[in-house]
Amino acid sequence: MNGIEAVRAFGYRPGEEVVADMAGVEVFDVEYGAALAAACLPAWTIGRIVSCVRREERPAYVLAFEHHGSSCVCIADESAIAGVA
């Protein structure tokens with residue numbers, strides 16, 4: 001491709017609410033300033049996309065959501081997103 005790598009477009013946009021599978025996703029509790037233990041997380045959550053990023057050249061998303069009354073953020077690969085909420 002003349003030295004240009006094909007880059008896959010993002011399937012979702014900032015501001016959209018999506019359903020995300022939390023298996024293997026690291027979650028950070030903003031209010032407590034600490035990572036949450038995987039055992040404390042739900043199997044899935046509904047989060048709002050804050051930003052689109054790339055992880056290892058694949059689409060991923062910074063998600064913001066509430067968990068037990070605390071503001072949380074995480075980066076989820078696009079493969080973890082089941083669709084819009």
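Structural remarks
- The single residue among Val84, Val73, Val25, Val30 that is within 17 Å of Pro14 (Cα to Cα) and either surrounded by 14 or more Cβ atoms within 10 Å (Cβ to Cβ) or touching a Cys at 6+ places or on another chain (Cβ under 8 Å) (or both) turns out to be Val73.
- Qualifying residue in the stretch 3-24 (condition: modelled with pLDDT of 95 or more and hydroxyl-bearing (Ser, Thr, Tyr)): yes
- Of all residues assigned to the stretch 33-49, at least one qualifies as being touching a Pro at 6+ places or on another chain (Cβ under 9 Å), surrounded by 14 or more Cβ atoms within 10 Å (Cβ to Cβ), modelled with pLDDT of 95 or more and not in a loop (DSSP other than H, G, I, E, B).
- Any hit, the stretch 59-72, residues being touching a residue at least 12 places away in the same chain (Cβ under 8 Å), out of contact with any strand residue (DSSP E or B) (no Cβ under 6 Å at 6 or more places or on another chain), small (Gly, Ala, Ser) and more than 12 Å from Met22 (Cα to Cα): yes
The values are calculated or read from the model by the stated rules, or taken from the named source; none is laboratory data. Since the model is a prediction, treat every value here as computed from it, not as a measurement. As a convention, Cβ positions derive from the backbone with ideal geometry for all residues, glycine included, and neighbour counts pool all protein chains shown.
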